[in-house]
Amino acid sequence: MPGKKILMLTGDFTEEYEIFVYQQAMEAVGHTVHVVCPDKKAGDILRTSLHDFEGDQTYTEKLGHNVTINKTFSEAENQLDQYHAVYCAGGRGPEYIRTDKRVQAMVRHFHEQKKPIFTICHGVQILIAVDGVVRGKKVGALGACEPEVTLAGGTYIDLSPTEAYVDGTMVSAKGWTALAAFIRECLKVLGTEIHHT
């Protein structure tokens with residue numbers, strides 16, 4: 001079976017691990033991941049951040065490595081039919097890209113076409129910005145997103161830091177510590193089987 005094409009929606013200061021680990025894991029099994037950001041083109045740099053829980057009341061944030069955008073946003077916007085799934089990475093990026101009408105239109109396309117939607121951490125904020133995407137769904141995300149999930153008509157699932165949750169073709173997780181389970185469930189939804197010999 002040929003690899004699938006996944007559209008990754010990001011913004012500056014998206015969580016580094018949720019970009020790099022996800023992209024490299026998907027590419028390792030033959031899928032293509034296009035990392036896009038509003039108003040950026042292929043070759044542009046995306047700044048990332050690293051988030052951790054270090055005993056404070058909330059997570060800490062540090063500067064991460066730069067990511068090179070590998071697909072021009074406007075090109076992806078005009079080629080949505082070529083993508084099999086959309087992935088909304090977490091971190092700070094979703095806070096501001098969710099208000100972009102073009103990003104909302106992209107998410108709406110995947111929702112209306114009933115294509116897989118993958119979200120981790122704050123990525124759910126992008127989905128919440130589009131009416132109906134999380135309504136009636138059970139969704140995992142960072143705990144701070146619970147009120148938004150509820151207000152959008154979804155049911156927040158308080159997952160452990162290493163769990164992922166599947167509701168139909170939507171896969172969600174709390175944060176980067178769940179990437180192994182999250183990627184495993186995304187692969188299942190995409191129909192990707194890994195056989196050990």
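The values are calculated or read from the model by the stated rules, or taken from the named source; none is laboratory data. As the structure is a computational prediction, the values presented were derived from the model and not from experiment. For neighbour counting, all protein chains shown are included, and Cβ atoms are generated from backbone atoms with ideal geometry for every residue, glycine included.
A quick yes/no check of all residues on (1) of a type in the set (Val, Ile, Thr); (2) assigned to a helix (DSSP H, G or I); (3) at pLDDT below 95; (4) in contact with a strand residue (DSSP E or B) (Cβ under 7 Å, 6 or more places away or on another chain):
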site: Arg108; (1), (2), (3), (4): no, yes, no, no
site: Lys114; (1), (2), (3), (4): no, no, no, no
site: Thr119; (1), (2), (3), (4): yes, no, no, yes
site: Asp131; (1), (2), (3), (4): no, no, no, no
site: Gly136; (1), (2), (3), (4): no, no, no, no
site: Pro147; (1), (2), (3), (4): no, yes, no, no
site: Gly153; (1), (2), (3), (4): no, no, no, no
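Here Val86 clears all of (1) closer than 16 Å to Ile120 by Cβ; (2) modelled with pLDDT under 95 except the condition numbered (2).
Residues in the range 39-53: is at least one touching a Pro at 6+ places or on another chain (Cβ under 6 Å), part of a strand (DSSP E or B) and among the aliphatic types (A, V, I, L, M)? First the steps, then the outcome.
Narrowing the range 39-53 to residues touching a Pro at 6+ places or on another chain (Cβ under 6 Å): none.
For the range 39-53, residues touching a Pro at 6+ places or on another chain (Cβ under 6 Å), part of a strand (DSSP E or B) and among the aliphatic types (A, V, I, L, M): absent.
Please find, within the range 1-24, the residue that is farthest from Leu179 (Cα to Cα) out of those that are β-branched (Val, Ile, Thr) and assigned to a helix (DSSP H, G or I).
Taking the range 1-24 and keeping what is β-branched (Val, Ile, Thr), we get 6, 10, 14, 19, 21.
With the extra rule that they be assigned to a helix (DSSP H, G or I), the set shrinks to 19, 21.
Working: Ile19: 10, Val21: 8 Å.
Taking the candidates together, the pick is Ile19.
A search for C-beta distances below 6 Å between a residue of the range 142-155 that is surrounded by fewer than 17 Cβ atoms within 10 Å (Cβ to Cβ) and any residue that is at pLDDT below 95, counting only pairs 6+ apart in sequence or on different chains, returns nothing. For the range 115-123, the criterion of being surrounded by fewer than 13 Cβ atoms within 10 Å (Cβ to Cβ) and either under 18 Å from the mean Cα position of the chain (by Cα) or touching a residue at least 24 places away in the same chain (Cβ under 8 Å) (or both) is met by none of the residues. Candidates in the range 21-59 are the residues that are of a type outside the set (S, T, N, Q), within 16 Å of Gly175 (Cα to Cα) and buried (at least 21 other Cβ atoms within 10 Å of the Cβ); of these, the one that is modelled with the highest pLDDT is Tyr22.
A Cβ distance below 8 Å, combined with a sequence gap of six or more or placement on separate chains, defines the contacts here; from the range 59-83, residues that are under 26 Å from Pro2 (Cβ atoms) and among the charged types (D, E, K, R) reach residues that are modelled with pLDDT of 95 or more and in a helix (DSSP H, G or I) in the pairs Glu77/Arg102; Glu77/Ala105; Glu77/Met106.
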